[in-house]
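Student: Quick one: this structure, given as structure tokens, is what I'll be asking you about.
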Amino acid sequence: MTESSPLPYSPYRVFNREQWARLRADTPMTIVQKDLDALSGVIEELSIVEIEQVYLPMSRLLNLYVQASQELRAVSSTFLGTRDDKIPFIIGIAGSVAVGKSTTARVLRALLARWPDHPRVDLITTDGFLYPNAELERRGIMDRKGFPESFDTKRLLRFLGEVKSGRTDVEAPVYSHFLYDIVPEQKTVVSRPDILLVEGLNVFQPAHLPKGGQEIPYVSDFFDFSIYMDAQTALIEEWYVTRFLKLRATAFRDKGAYFHRYSKLDDDQARERALSIWNDINLKNLEENIEPTRQRARLILRKGANHSIESVALRKL
């Protein structure tokens with residue numbers, strides 16, 4: 001297969017869409033047309049062709065990684081003389097706001113759950129590990145929501161550590177985009193799935209040294225596989241504004257929505273407000289904290305116009 005990486009000595013092998021599609025091999029299609037509405041995003045309409053050419057090869061690759069991980073764990077248990085307990089295979093998915101992380105996570109969950117070796121696939125988003133709005137206000141960082149310091153990273157690390165230890169009934173907090181806040185009484189329970197998908201903005205963030213000098217591990221230290229959703233910044237900006245305008249005409253119209261006030265804006269005002277939020281918050285977070293971690297991913301999905309994935313970069317072993 002022709003290697004087409006634009007970078008000399010790149011640690012990645014880059015495939016165009018046609019090359020990647022051939023790696024599906026004989027992987028069966030397990031998603032039908034009626035499934036697409038539930039899997040598509042607010043502005044991202046999936047097609048069967050996209051599933052066949054992009055996601056089925058990914059599903060095959062990940063299934064092979066899961067099998068290899070299970071075999072390696074069995075070998076390690078034999079060496080250590082320990083019991084081979086079931087430990088979830090964790091996949092991290094990172095990228096900007098509005099780049100399509102949630103859609104990719106939903107599609108992979110649907111496909112991976114149809115493999116006979118790992119029927120139980122769970123999905124969480126790291127939004128649930130944001131500090132509640134009241135705490136963000138107390139710290140004076142409400143306008144930094146989504147930045148690394150707005151997350152309860154210790155709680156996220158504790159959650160992942162418990163999952164990776166094979167514990168049952170591990171609880172994760174729940175975030176509501178409608179309320180734009182943590183829902184206090186709700187919890188997501190993860191109980192030893194075969195695979196856990198973890199989707200979020202800053203899941204590849206590096207370790208840092210808090211007061212006292214004790215090193216905190218990377219969140220991605222708990223991942224067995226990592227995916228970064230990539231696209232030109234101008235495209236992501238366009239998608240963010242389009243999504244904002246669509247939500248203004250739908251979800252924001254509900255009086256209980258946190259952003260209900262934006263439903264009263266006309267088109268020009270809404271576009272201006274969306275661009276202001278993008279430039280002041282989301283673009284800054286992308287450039288400072290998210291995009292610099294791209295090279296930590298094992299797989300990079302590069303999108304073009306219409307949210308179509310144009311190329312795939314797979315890290316060399």
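Computed from the coordinates by the stated procedures, all read-outs in this text should not be read as laboratory data. As the structure is a prediction and not an experimental result, all values here were calculated from the model. Ideal geometry is used to build each Cβ from the backbone, glycine not excepted, and the neighbour counts take in all protein chains shown.
Student: Inspect all residues belonging to segment 186-203 and state whether any of them is touching a Phe, Trp or Tyr at 6+ places or on another chain (Cβ under 8 Å), within 17 Å of residue 131 (Cβ to Cβ) and part of a strand (DSSP E or B).
Tutor: Among the residues of segment 186-203, not one is touching a Phe, Trp or Tyr at 6+ places or on another chain (Cβ under 8 Å), within 17 Å of residue 131 (Cβ to Cβ) and part of a strand (DSSP E or B), which makes the answer no.
Residues checked against (1) over 27 Å from residue 180 (Cα atoms); (2) assigned to a helix (DSSP H, G or I):
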| position | (1), (2) |
| --- | --- |
| 75 | yes, yes |
| 90 | no, no |
| 93 | no, no |
| 103 | no, yes |
| 107 | no, yes |
| 110 | no, yes |
| 124 | no, no |
| 167 | yes, no |
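Student: Got a number for residues in segment 27-63 being more than 18 Å from residue 17 (Cα to Cα), in contact (Cβ under 8 Å) with a residue 24 or more places away in the chain and of a type in the set (Val, Ile, Thr)?
Tutor: Matching residues across segment 27-63 total 4.
Student: Is it true that residue 69 is under 18 Å from residue 109 (Cβ atoms), of a type in the set (Ser, Thr, Tyr) and out of contact with any helix residue (DSSP H, G or I) (no Cβ under 7 Å at 6 or more places or on another chain)? If you could, list the steps in order and put the result at the bottom.
Tutor: Numbers: under 18 Å from residue 109 (Cβ atoms): yes; of a type in the set (Ser, Thr, Tyr): yes; out of contact with any helix residue (DSSP H, G or I) (no Cβ under 7 Å at 6 or more places or on another chain): yes.
Taking the combined requirement at face value, the residue satisfies it.
Student: Looking at segment 294-313, is at least one residue under 17 Å from residue 233 (Cβ atoms), out of contact with any strand residue (DSSP E or B) (no Cβ under 6 Å at 6 or more places or on another chain) and among the charged types (D, E, K, R)?
Tutor: no
Student: Restricting the first residue to segment 153-166 and requiring it to be in contact (Cβ under 8 Å) with a residue 40 or more places away in the chain, which pairs with a second residue that is in a helix (DSSP H, G or I) and of a type in the set (S, T, N, Q) meet a Cβ separation below 7 Å and a spacing of at least six or different chains?
Tutor: Within 7 Å, the pairs are 156/126.
Student: Can you name the condition, by its number, that residue 93 falls short on among (1) in contact with a Pro (Cβ under 9 Å, 6 or more places away or on another chain); (2) of a type in the set (Val, Ile, Thr); (3) within 30 Å of residue 248 (Cβ to Cβ)?
Tutor: The single condition residue 93 does not satisfy is (1).
Student: Now a separate question. Go through segment 97-110 residue by residue and tally those that are polar (S, T, N, Q) and surrounded by fewer than 24 Cβ atoms within 10 Å (Cβ to Cβ).
Tutor: Taking segment 97-110 first, the residues polar (S, T, N, Q) are 102-104.
Then drop every residue that is not surrounded by fewer than 24 Cβ atoms within 10 Å (Cβ to Cβ), which leaves 102-103.
Within segment 97-110, residues that are polar (S, T, N, Q) and surrounded by fewer than 24 Cβ atoms within 10 Å (Cβ to Cβ) number 2.
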